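Data block below; observations after.
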Amino acid sequence: MSVLLDITLPRSLDLLLEQAARERPERLEAWVFEDEAARRGAERALAELGIAARIRSAYKPLLHAWLEGELALPAGWRRLLITVAPAVLQRLKVEAYPLAALLGEGELGFETDAALAPTEARVSVDGRPPLAVFVPMDQRLAPQAWRRSWRASQLIEDAALAGCDYRAAYEAAMAAVAGHHWGETEPYFEQLRIEVEIGGIERALPYGEELISTREALHEDSYFAVLEWFQRRAGRPQGDRTLRPGQIIPDIRAATGRTRVRVVLGAPAAQTQPSDPLLVDDLATQDSPLSPEAVAAWLAPLQGERFGCLSHQGRPVTGLHRRGAKPGIVISAGQHANESSGVVGALRATQILQQQDQAHYALVALENPDGAALHQALIRSNPRHMHHAARYTALGDDLEARGGAASPALGEKAARQQAIARTGAGLHFSLHGYPAHEWTRPFAGYLPPGFEDWALPRGFFLILRRHPGRDGRVFLEALSAGLAQDPALAALNARQQRLWRAHWVDADTAPLLLNGIPCLIQDDSRSTVPFTLITEFPDETVYGEAFVLAQRTQMRTVLLGAELYWQGLLGEARAEPAA
């Protein structure tokens, strides 16, 4: 193990108290990345010094103005209007999310005023005098801590809070990465751990799966910022998914005292195989992500020929091939290992296909077991965080971006390629998910660069990739009609799309809506399979009934889609004789 950084930092609230004790302003306002209880405690401590203080959240201050009672809604109100500068309309519409769902029956609207600064917002109710809300941010639109203080009526300070521990923790970790001497051969490391113990906000909201979490946001910023730094260093474009730097693991945990930041290089811990993986009696009731060991246990009784490969960290990537007279299909899941409902859905669909003698299919239920093992470790301490560190492989790349069948470096992707070759598949079901609550990257400008369209959940949707000259519209119409028969899915989609439209500027450019399910059709020849159907369920961080709905929808998509394909709705499909 090599330690690149190990420091402690004072909490922002402690800095505020120390500075106020020295300067003794009569009045103070501040914005920090701390929860309401900690901020109110600091206000009481300042009051004991004779200082009238109001300390607000620097993270999502527009939403917190409502959550913390600064924005009063009179009885019978009809419309709440938020006015912002034109340049930050999208940023602040998302900043206010999910306010439209929390307000009740009234309407939420937005308008722009070029006279406003980017950090200013006005909130008015039914034309009443507006409440001014300060939204502290830097030139990149990243939220930042702020301090204002007065003596009598004289403003003596109005500036970013120097030494903010939230920003300092992030910047210190990034500086440690940038200052290390890295080699030129990929991967540069086995594991790079960014361990932060810090205060902050962790607040579940009374709507869906929504959560305000500054620690989750710090995980997201740390992971992707380090990945992007290595992409730039290697001369790759931002968003490149082929670079293999190694496994980047931010581990952000709650603390009550000083903030601690460690950056450590090391190797994966030795694998331990549980003797008895926790299993339910029926996968239909599985309400949480499966471990790699549990996936193996569910695969064991399924009939068919086994094939596969090993992951980078030595875990099996197991495929199952069952021959039949119908045209071949491939079912895969777990490519992005924090998108976990597809794994259960794929296994459930295969259990049912096992009862159909003529069905011809290959299954790779968990394509990225190293990522899944990391996901299991991370959700033990933060179960409601997205944990995108578990998205890609242990090498740091996206296995789908790896080369074709002749590439010597397929790694985990070899199982998918074998499945396609074995079946001659005309249709590949690639089961995915995305965040079930808001996804932010504060220090990258709030919205996650390259993933802006995934920042807010908008229901379950489908992406059909087809070779040029193919169609697929009739197939999607029939498939979406069948899926929409599930009232729980229909309600989820209606609810999430309504809220997404309220908080997204470009909502009028939404994908084709078929039977309440958004559908995208794309020409794409990267795969040798003529049609690839990608599912996208907002499943990251969901448990209980929400997870059961997610995995049930994944299963139903495979079963309904396979039947429609075998009926010929994707064009002529040539049956292969059973071996």
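The values are calculated or read from the model by the stated rules, or taken from the named source; none is laboratory data. In this text the structure is predicted, and so the values were computed from the model without any measurement. We place every Cβ from the backbone using ideal geometry, glycine too, and count neighbours over all the protein chains shown. Heads up: the accessible areas ignore ligands, DNA and RNA and are worked out on the full protein's heavy atoms, side chains in. Shrake-Rupley method; radii C 1.70, N 1.55, O 1.52, S 1.80 Å.
Miscellaneous remarks
- The packing ranking of peptides 358-366, 36-44, 312-320, highest mean first, is 358-366, 312-320, 36-44, where packing means the average number of other beta carbon atoms within 10 angstrom of each residue.
- Dividing the mean sequence gap of close Cα pairs (under 8 Å, 6+ apart) by how many residues region 5-102 holds gives a relative contact order of 23 percent.
- From phi via Karplus (6.51, -1.76, 1.60), per-residue ³J(HN,Hα) for region 79-86 in Hz, x at Gly/Pro: 9, 9, 10, 10, 10, 9, 5, x
- Heavy-atom accessible area for Leu155, with the other protein chains in place and a 1.4 Å probe, reaches approximately 80 Å².
- Here the accessible area is traced with a 1.4 Å probe on the protein chains. For region 51-161, carbon and sulfur cover 49 percent of it.
- Surface accessible to a 1.4 Å probe, per residue, for the residues of region 32-136, Å²: 41 Å²
- Over the chain, dividing the summed -39,500 (n - 2.57) contributions of all DSSP H runs of at least 4 residues by the number of residues returns a 222 nm mean residue ellipticity of -9500 deg cm²/dmol.
- With contacts taken as Cα pairs under 8 Å at a separation of at least 6 residues, region 19-158 carries a relative contact order of 29 percent.
- DSSP assigns beta bridges within region 314-424; of those with both partners inside it, close to 50 percent run antiparallel.
- Correct option for P(r) over Cα pairs in 10 Å bins from 0, in percent [calculated from the coordinates] among (1) 4, 19, 30, 27, 14, 5, 1, 0, 0; (2) 3, 14, 20, 20, 19, 13, 8, 3, 0, 0; (3) 3, 16, 25, 25, 17, 9, 3, 1, 0: (3)
- Less than 5 angstrom separates the built amide H of Thr112 from those of Val84, all sequence-distant by 5 or more or on a different chain.
- Loop sites in region 298-351: trypsin sites (Lys or Arg not before Pro), DSSP, at most 12 other Cβ within 10 Å: none
- Counting DSSP beta bridges with both ends in region 63-148, the antiparallel % (nearest 5): 60 percent
- Using heavy atoms of the protein chains and a probe of 1.4 Å, the accessible area assigned to Ile521 is about 60 Å².
- Accessible-area value, Arg151, 1.4 Å probe, nucleic acids and ligands omitted, Å²: 100 Å²
- Annotation: amide H-H contacts under 5 Å for Arg56 (H modelled 1.01 Å from N, sequence separation of 5 or more, or interchain): Ala30, Trp31, Val32.
- Amide H contacts under 5 Å for Glu190, placed H, 5+ residues apart: Gly266
- Beta bridges per DSSP, both residues in the chain: antiparallel share near 55 percent.
- The distance between label points at Gln351 and Ile156 comes to 6.9 nm (points 7 Å beyond Cα on the Cα→Cβ vector).
- Straight Cα distances below 26 angstrom link Lys326 to the lysines Lys413, with same-chain residues fewer than 8 positions distant left out.
- Cβ-derived FRET efficiency at R0 45 Å, Phe451 paired with Glu563, nearest 0.05: 0.85
- Straight-line cross-link reach from Lys60 at under 22 Å between alpha-carbon atoms covers these lysines, not counting any fewer than eight positions away in the same chain: Lys93.
- When you filter the GluC sites (Glu not before Pro) in region 152-258 for DSSP loop state and at most 11 other Cβ atoms inside 10 Å of their Cβ, you are left with Glu184.
- From phi via Karplus (6.51, -1.76, 1.60), per-residue ³J(HN,Hα) for region 110-115 in Hz, x at Gly/Pro: 10, 8, 10, 9, 5, 7
- FRET efficiency for Thr256 and Ala21, using Cβ-Cβ distance with R0 set to 25 Å, rounded to 0.05: 0.75
- Kyte-Doolittle at least 0.0, axis length at least 30 Å by Cα - qualifying DSSP helices, the chain: 544-566
- Set of region 112-155 residues, backbone N closer than 19 Å to the point 7 Å along the Cα-Cβ line of Arg40: none
- Mean Cα-pair separation over length for the chain, i.e. relative contact order, pairs under 8 Å, 6 or more apart, %: 15 percent
- Electrostatic dipole magnitude of the chain [Cβ: Lys, Arg +1; Asp, Glu -1; Cα centre; debye, to 20]: 360 debye
- Carbon + sulfur, % of accessible area of region 398-485 - ligands and nucleic acids excluded, 1.4 Å: 49 percent
- FRET efficiency for Tyr543 and Ile7, using Cβ-Cβ distance with R0 set to 35 Å, rounded to 0.05: 0.50
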